[in-house]
Structure formats: structure tokens, C-alpha cells
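J.: A single structure is presented below for examination.
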Amino acid sequence: MGIPTRVIVIFFLILTVLSQQLKSISILSILALIFSFTQVTDSTNGTYLTGGCDTGLVPYRAISTVDGKEIAYFQCGWTLTRSFVRCLLQFLIVITIVLLFVLYAKKKKAQFLILLVVLLLLGVAGFYSFIADASSLKNSYDYCTNDSTLSIVGKECQFSRYYGTLAFNIITTFSVCFISIFTFIKRNKLFEDHHHHKHEQFDKESKPTPDSSTPLSTKGNEAYSSI
């Protein structure tokens with residue numbers, strides 16, 4: 001049995017709150033991509049899937065149980081539109097963060113700030129993606145649990161994996177917006193500290209090392225002068 005989705009979500013939520021770094025957002029975005037890619041296609045180990053995902057009320061995963069044991073399942077993935085929008089946003093967030101690190105290392109402040117605004121806009125777009133995903137999930141939940149046309153022996157609807165996708169999506173979105181705004185406010189101090197650190201490092205590297213032969217040479221000169 002794999003690690004429960006709830007445990008994974010809580011762990012990375014704590015990780016993001018504690019670290020408050022762009023690296024954590026990249027990790028969350030990559031995890032959201034992984035979850036999304038595993039929920040794109042429809043799958044089954046029985047015969048229930050035929051026509052079952054054509055209603056558009058997706059995603060959901062339903063299992064058939066007999067005497068408390070699972071005998072079959074079928075899964076209807078997210079619509080192509082919802083998957084494409086979510087994956088595109090998460091991919092762009094990862095690329096933007098990588099470029100931000102490069103620009104910061106090269107001390108390109110103007111380009112860094114422009115890209116920071118782009119990251120914030122991606123975060124705002126993430127709210128739209130989350131709301132649309134949540135709406136789709138609510139409709140599919142009502143369909144799977146209440147609609148009598150979905151007749152399956154011992155039907156049980158499972159949504160934990162889709163809740164995990166929503167959780168990664170909204171946590172990433174909040175983190176992107178927060179980090180973008182916070183970094184923009186502290187932009188001057190950020191680059192001043194970076195410049196000061198580089199300056200100190202240069203001073204340490206350029207500072208001459210004492211020559212051990214100097215005292216001997218001085219003594220030799222003093223002895224020569226006394227003669």
C-alpha cells in the first residue's frame with residue numbers, strides 16, 4: 001500500500017510553510033504535474049467503463065465491491081481542457097523559477113523583477129485553474145454518488161487522488177503569489193545583500209597573504225645597515 005494522499009499533502013504543506021523558498025514551489029509544481037499526468041487517461045479492470053466517461057461529469061473513480069472486497073474498478077480522468085491548463089501552468093511556473101534563479105545569480109535586477117511579475121500572474125491564473133477544477137470535481141462527485149444511472153454492484157466512489165491534485169494546485173498557487181509579492185517588496189534588500197556578499201567574497205580572494213620571508217629580509221637589511 002502506498003503512502004496516503006493526505007499524508008503527502010500535509011507533509012509538503014509543512015515543507016512550504018517552513019522553507020518559504022522558490023525551491024519548494026518547484027517541488028510542489030512537479031508533484032502537481034505527476035498527479036495530473038496519472039489522472040489524464042481513463043482506465044478499468046472490468047467492463048464498466050464502456051460509455052461511462054462520456055457524460056463529461058469527470059473525474060471520478062468508482063469501484064465495485066462484494067462482501068467488502070474490491071472486485072473491479074473504473075476511473076474517468078480529468079477532461080483534456082482541465083488537464084492541459086493545469087499542466088501548462090505548473091510547467092511554466094517551474095521554468096519561470098529556474099530563470100529567476102539564473103537572473104538573480106547574474107544580478108540582472110530589471111529582468112528579474114519583470115519575470116517576478118510574470119510568476120505572480122501565473123499564480124493568479126492558478127486560482128482560475130483551481131476554481132474550475134473544484135467545480136468539475138463537485139459535479140463529478142454528485143454524479144458518482146447520487147446518480148442512479150451509474151449502476152454498479154456495490155458501488156463506492158473514491159476521490160482522494162483528485163483531492164490531492166486540488167491540494168497541490170492551491171498550495172502552489174498561494175505559495176507563488178505570496179513569494180512573488182514578498183520578494184518584490186524586499187527586492188532592494190535582496191539585491192543589496194547579494195552585491196554585498198559578492199563584494200566581501202572578492203575582498204577575501206584579493207587580500208594579500210603575509211610573506212613568511214619578509215621578517216628575515218628585514219632583519220638582513222637592518223644587519224647590513226649596522227655594518
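J.: Can you tell me how much longer the chain between Arg187 and Val153 gets when fully stretched, taken as 0.36 nm per residue apart minus their C-alpha distance, in nm with one decimal?
T.: Result for the pair: 6.3 nm of gain on full extension.
J.: Then there is this: I need the phi-derived Karplus couplings for segment 172-184: 6.51 cos²θ - 1.76 cosθ + 1.60, θ = phi - 60°, integer Hz, Gly and Pro marked x.
T.: Result, rounded to whole Hz: 4, 4, 4, 5, 4, 5, 5, 5, 5, 5, 5, 5, 5.
J.: How large are Rg and Dmax for segment 59-149 when calculated on the C-alpha trace, in angstrom?
T.: Reported Rg and Dmax, both Å: 20.2, 65.
J.: With an 8 Å Cα cut-off and a minimum separation of 6 or more residues, compute the relative contact order for segment 67-181 in percent.
T.: 32 percent
J.: Calculate the spin-label point distance for Leu88 paired with Leu113, positioning each point 7 Å from the Cα along the beta-carbon direction, and give it in nanometres.
T.: 3.0 nm
J.: Report the FRET efficiency, 1/(1 + (r/R0)^6), for Asn146 and Ile30, where r is their Cβ-Cβ distance and R0 is 30 Å, rounded to 0.05.
T.: Efficiency at R0 = 30 Å is approximately 0.25.
Since every read-out is calculated from the coordinates, none of them should be taken as a lab result. Fair warning: this is a prediction, and the values are worked out from it, not measured in the lab. All Cβ positions, glycine included, derive from the backbone under ideal geometry; neighbour counts span all protein chains shown.
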